[in-house]
1. Can you compute the helix-only [θ] at 222 nm over the chain? Use -39500 (n - 2.57) per DSSP H run of at least 4 residues, normalise by all residues, nearest 500 deg cm²/dmol.
2. Only residues of segment 103-144 count here: report those whose backbone N is under 17 Å from the spot 7 Å along Cα→Cβ of THR173, or say none.
3. Measure of size requested: the Rg and Dmax of the chain, with Cα atoms as the atom set and Å as the unit; please supply both.
4. Would you mind giving the average projected area, over all directions, of the Cα convex hull of segment 122-239 in nm² with one decimal?
5. Using unit Cβ charges (K, R positive; D, E negative) and no other charged atoms, how large, in debye to the nearest 20, is the dipole of the chain about its Cα centre?
6. Normalise the Cα radius of gyration of segment 129-175 by 2.2 N^0.38 Å (N = residues in it) and let me know the number.
7. How big is the shadow of the Cα convex hull of segment 260-308, averaged over all directions, in nm²?
8. With just the Cα atoms of segment 3-119, tell me how far they stretch along each of the three principal axes, in Å, largest first.
Amino acid sequence: MTNTELLTRADELRHGRTPFVLATVVHVERPTSAKPGDSALVLPDGTVEGFVGGSCAETTVQLQGLRVLRTGESLLLRITPGADTGTEGPQEPAEGLVTVVNPCLSGGTLDIFLEANLPPALAYVYGHAPIARALLDLGRVLGLDARPASPGRPLPPDLDVVVIATHGRDEETVLVEAARAGVPYIGLVASPKRGAGVLTALDLTEEQRARVHTPAGLDIGARTAAEIALSVYAEIIALRPPAARAARRRAESAAPQTLAEDVDPVCGMTVAITPDTLALDRAGSRVYFCGPGCRHAFADDPSHYAHA
């Protein structure tokens, strides 16, 4: 896969709101098969597309990439064959840097930047009037994935914002569905009197009803459609959770709910368990490996690694 193909693939994933990690080799100490600029994508199912080194390096990038997907926090990964950190396994000598001792490497060291690419906050805007159009335009300027929506459309699990500006049309149905789905921000554009009346009539629990904001937006004296949209997003910004927590929520909505790991009995490397992870069945259990070399060594003499 060329860099152009990789970037095209990354754009496809962004368009489909699929989280991924972009792994880029930024520094090498030879001998290594990878060169600075080599890159790969790590997908939520553990698939690695691209090239950042041989099978042992790729296994480490896969595991750390899946961890990055769950936290939403980018990091610099150092893969080295030496034991200069004192103990094997992942080390964190500095913030944002993870060092992994990989005895399978041919002798070189790789520094690889793992960049989390998570979907932006998703906002559904209901309505066709000027306020709804202003909400869509301003939302996109602010970096949200703001989309027009219609009643009856299923709500995706990673939906962050619902704003209803339909001026009395199909409000109750959308409000109830969004509140029961646990959408973090739900706003109804209405006058205080009408908004209170709509809210009282909703078939919701008190906890669910309390999460509906009406009139939507902060009281900044807004008059025009653009000013009302600004007041709504000002309220969303004021109420939103910390960015790291919001990013983690979006990552976990698409990433695997659990990240299964095991230890290669030959080299001691921790590996992520995916459908493509190399494995052998032994004595009623499955043993996982970082690469074909370790699997061949284990198959030749399993008793030698019984202690592991």
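Every number in this text was worked out from the coordinates using simple rules, so none of it is lab data. These numbers come from a predicted model, not from an experiment. Methodologically, a virtual Cβ is constructed for each residue, glycine included, from the backbone with ideal geometry; neighbour enumeration extends over all protein chains shown.
1. Working: 9 runs with 103 residues, N = 308.
Mean residue ellipticity, 222 nm, calculated: -10000 deg cm²/dmol.
2. 125-128
3. Taking only Cα atoms of the chain, I get Rg and Dmax of 24.8, 78 Å.
4. 6.5 nm²
5. Details: 27 positive and 37 negative charges, 214 e Å.
Using Cβ point charges on Lys, Arg, Asp and Glu, the chain gives about 1020 debye.
6. Details: Rg = 11.0 Å, N = 47, 2.2 N^0.38 = 9.5 Å.
Ratio of Cα Rg to 2.2 N^0.38 Å: 1.16.
7. On the way: hull surface 12.7 nm².
The directionally averaged projection comes out at 3.2 nm².
8. For segment 3-119, the Cα extents along the three principal axes come out at 43, 27, 20 Å.
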